[in-house]
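S.K.: I have a structure here, written as structure tokens, and I will follow up with some questions on it.
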Amino acid sequence: MIKSSTTITLVSIAAVLAIFVLGFERRIESSRQAKVSSRILATVPVEELKRIKVTNQMGEISIDRKDGGWKLMKPIGDYADPGLVAKLADKLAHLTIRETIDRDEIGGDKIRLSRFGLSKSAFIEVKMEFEGKREPVTFHFGANGPLLGTIYAKIPDSSNRKDVYVVDGDFRSWITDPGDALRDRRLFREDPGKIEAYVLTTEKGEMALKREPDAPRWYVERPIKARANDDIAYSILNELSQLQVDEFLDEQVGSASGVGSGGDPDTAVFKLKPQGGKPFTVRLRELGSEGEQRTMLAEVDGRDAVFRINNNLVSRLPKNTSQIRYPYLADLDPTTLARIQIESPLDSVDIRRLKDGGKEWHLIKGGVSQRANQDKIEQLLTALNTETIVEYRSDTVPNLEEYGLDRPFLQIAFTSSTVDGDALDRYRNELAKAEQTGKSKEEIERPKVEIKTRTIRFGRKGDILLNAKFDDEPYVYAIDPAFLSIYVPTHPIAWRGLELLGFELLSLQAIEMAEAGNPELKLFFNYMHGKWSGLLGDQRVDDLIDRRLAERLAIHLSQLKGRQWLSGSRQDAYRALRNPSLQLRIKLQKPSIGTQKPNPVGVASLAFAPATISGDRVTNYFGQFEGYPDVFVLSGEDYDKIVVPVFKRSE
């Protein structure tokens, strides 16, 4: 058994060993860091760097940190490439010594500094200045070193680095001519996504564009006020911002061979306004004859230089407002629409959002609400927002008679209902507080709902194109004449929903079918027990019914949809329906909770007759509800699913 004193002694020894090992490892790590540090030519705190001065045979060039970036201050004022300056600073801060030439081996009859490119007439001096009182760090760089990717370097007047060193560095080309190598080859630094307005001036005139605040929509402000083509407005800015300088022509600054004004041929001037920033101007002149590669001269505010760019942007810019305007007939927000009214000389259609939180469209006819064809309405709104304008016919308030719009043959009115987003947020916050404090919700002021109606007229005069005009705009557009016939039927029945029955399976009481030439089939469904029974003529067929087939029939009927409602002449349909191929009666009941007796809801009676025949197959059937004049068309596939047998197959 080990004594307690022995245990204490062992623990003490282990603790001492642990402290020794930890201290030893730290000394090793410190030694490693010291070795790495000793191989770095000089300590350079890059984060405090404010200026880099490069002096060579060409003179002195100063690169200063300014306005959040880097700028060449002399001999010219221009942007420096922030990425390249950062790389240069990083390389200067990590000059790793590969070889050392002792100072005692240099001078007199020994090795001369000129051998390393470090003589007074040959070396390149790089002086790094810092914020605060920190002393500058100065390097002299000579020729490329004997090893690939190295350079000879020296620190003048250094007390601890008096030798000549071979250091890692592949940046000699940057400091040989930094005025060219380190200049920013982007035309301007501003993010094109932050530009909120710009004016483009060419020999054809001036176009001013403005972006909607906090939204990706552009508008033409001059020479007309209209919605702009967002893609084109953005693509012009993006291409302008991505132009790369191929050559700096500093000697042409301010000379007669400069860029010129935007009113001259082959020139363009952009006046750009960044969001929250200072406006600036970009001037471009395109050079070169037809068939040659076109280049441009460029000038930018804040850059004391003329640039040559291998690009032909000027010749590809829009020449008039029609080329930059919104290319589609409408720009409706379907989520805010509450009502659509279609007026023609013969009919009127009234469609409103009513049920399901205002999301479901209903057709209002004679004071009666019927579910509308949701897909058809969505197709109309999509078509309006994607219908391409063929021609911009008038930009001023026109003589409506000239375009056949004084008596339009069709009008569509769109009523929108919107609430200010901030007001709605405040209202919701007040409601939440009221629930916590017990305050009456009725005392909280509801946000104001803005109701706005826009009407578009359609007319034709003089040619086959269809003229269109919104009442709140002066513009007249020409569009494809087929638009109305495809997307805007004028008879109300064409907008009626295609769902024919739409009942719940639990509400089904009976399905009665009388197919021409066959005895009547009656199927009864007991929703309480989930059982089927039936009669075929006068005979009970309970045991013959296949429950799965019967339920499949019931589900098919509950989801039955027509292909269309007939809006034209129905005489052929009425004649065919005098001799129906199928008469169908659906009896429904309302399930009662806690009772054995269901509450009766109603009966739907329908008749079907062949409409179109292809070969020996009926492809479509006319259908009609008893007591109603409207006729719908049902596909042959859906009809066949109704008359399919529901009996068990005989073994």
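The values are calculated or read from the model by the stated rules, or taken from the named source; none is laboratory data. Only a predicted model underlies this, so the values are computations on that prediction, with no experimental measurement involved. Methodologically, a virtual Cβ is constructed for each residue, glycine included, from the backbone with ideal geometry; neighbour enumeration extends over all protein chains shown. Protein only, heavy atoms only, side chains kept; ligands, DNA and RNA dropped before computing areas. Shrake-Rupley method; radii C 1.70, N 1.55, O 1.52, S 1.80 Å.
S.K.: Among the residues of the stretch 57-69 satisfying the criterion of being open to solvent by less than 50 Å² (accessible area, probe 1.4 Å) and touching a residue at least 60 places away in the same chain (Cβ under 8 Å), which is nearest to residue 175 (Cα to Cα)?
M.R.: Residues of the stretch 57-69 that are open to solvent by less than 50 Å² (accessible area, probe 1.4 Å), as a first pass: 59, 61-64, 69.
Subsequent filtering for residues that are touching a residue at least 60 places away in the same chain (Cβ under 8 Å) retains 61, 63, 69.
Values: 61: 9, 63: 11, 69: 19 Å.
Among them, the one singled out is 61.
S.K.: Across the stretch 615-650, what is the number of residues that are open to solvent by less than 80 Å² (accessible area, probe 1.4 Å), assigned to a loop (DSSP other than H, G, I, E, B) and in contact with a strand residue (DSSP E or B) (Cβ under 7 Å, 6 or more places away or on another chain)?
M.R.: Looking only at that region, the number is 2.
S.K.: Still on this structure, please answer the following. Would it be correct to say that residue 479 is under 24 Å from residue 608 (Cβ atoms) and open to solvent by less than 20 Å² (accessible area, probe 1.4 Å)? First the steps, then the outcome.
M.R.: Numbers: under 24 Å from residue 608 (Cβ atoms): no; open to solvent by less than 20 Å² (accessible area, probe 1.4 Å): yes.
Considered against the rule, which asks whether it is under 24 Å from residue 608 (Cβ atoms) and open to solvent by less than 20 Å² (accessible area, probe 1.4 Å), residue 479 comes out as no.
S.K.: Suppose we filter 90, 78, 104 for residues that are open to solvent by 20 Å² or more (accessible area, probe 1.4 Å), over 15 Å from residue 166 (Cβ atoms) and within 43 Å of the chain's Cα centre (by Cα); which single one remains? Even if it seems obvious, please write down each step before you answer.
M.R.: Working: 78 fails: open to solvent by 20 Å² or more (accessible area, probe 1.4 Å); 104 fails: within 43 Å of the chain's Cα centre (by Cα).
The match here is 90.
S.K.: Please enumerate the residues belonging to the stretch 313-324 that are touching a residue at least 12 places away in the same chain (Cβ under 8 Å) and either surrounded by 16 or more Cβ atoms within 10 Å (Cβ to Cβ) or of a type outside the set (S, T, N, Q) (or both).
M.R.: Taking the stretch 313-324 and keeping what is touching a residue at least 12 places away in the same chain (Cβ under 8 Å), we get 313-315, 317-324.
Answer for the stretch 313-324, where residues must be touching a residue at least 12 places away in the same chain (Cβ under 8 Å) and either surrounded by 16 or more Cβ atoms within 10 Å (Cβ to Cβ) or of a type outside the set (S, T, N, Q) (or both): 313, 314, 317, 318, 319, 321, 324.
S.K.: A further question follows. Between a first residue in the stretch 336-357 that is of a type in the set (Gly, Ala, Ser) and open to solvent by less than 80 Å² (accessible area, probe 1.4 Å) and a second residue that is modelled with pLDDT of 90 or more and in a loop (DSSP other than H, G, I, E, B), which pairs have beta carbons less than 7 Å apart while being 6 or more apart in sequence or on different chains?
M.R.: 344/409; 344/490
S.K.: Which of the residues that make up the stretch 172-204 are assigned to a strand (DSSP E or B), over 19 Å from residue 244 (Cα atoms) and open to solvent by 30 Å² or more (accessible area, probe 1.4 Å)?
M.R.: 196, 201
S.K.: Going by the conditions given, is residue 469 of a type in the set (Lys, Arg), exposed (fewer than 12 other Cβ atoms within 10 Å of the Cβ) and either in contact with a Gly (Cβ under 6 Å, 6 or more places away or on another chain) or over 30 Å from residue 564 (Cβ atoms) (or both)? I'd like the intermediate steps shown before the answer.
M.R.: Numbers: of a type in the set (Lys, Arg): yes; exposed (fewer than 12 other Cβ atoms within 10 Å of the Cβ): no; either in contact with a Gly (Cβ under 6 Å, 6 or more places away or on another chain) or over 30 Å from residue 564 (Cβ atoms) (or both): yes.
Taking the combined requirement at face value, the residue does not satisfy it.
S.K.: Being in contact (Cβ under 8 Å) with a residue 24 or more places away in the chain, within 20 Å of the chain's Cα centre (by Cα) and part of a strand (DSSP E or B) is the filter here; which residues of the stretch 210-241 pass it?
M.R.: 227, 228
S.K.: Could you list all residues from the stretch 358-403 that are surrounded by fewer than 17 Cβ atoms within 10 Å (Cβ to Cβ), under 30 Å from residue 323 (Cβ atoms) and acidic (Asp, Glu)?
M.R.: Listed by number, the residues that qualify are 391, 401, 402.
S.K.: Related question: Scanning for something at pLDDT below 95, over 30 Å from residue 341 (Cβ atoms), not in a strand (DSSP E or B) and not hydrophobic (A, V, I, L, M, F, W, C), does the stretch 499-516 turn up at least one residue?
M.R.: The answer is yes, given that some residue of the stretch 499-516 is at pLDDT below 95, over 30 Å from residue 341 (Cβ atoms), not in a strand (DSSP E or B) and not hydrophobic (A, V, I, L, M, F, W, C).
S.K.: So, one more: Determine which member of the set 125, 129, 99 is within 17 Å of residue 177 (Cβ to Cβ), part of a strand (DSSP E or B), modelled with pLDDT of 90 or more and out of contact with any Phe, Trp or Tyr (no Cβ under 6 Å at 6 or more places or on another chain). Write out each step before concluding.
M.R.: Numbers: 129 fails: within 17 Å of residue 177 (Cβ to Cβ); 99 fails: within 17 Å of residue 177 (Cβ to Cβ).
After applying the criteria, what remains is 125.
S.K.: Continuing with this model, one more query. Given the criteria open to solvent by 20 Å² or more (accessible area, probe 1.4 Å) and assigned to a helix (DSSP H, G or I), does residue 114 qualify?
M.R.: yes
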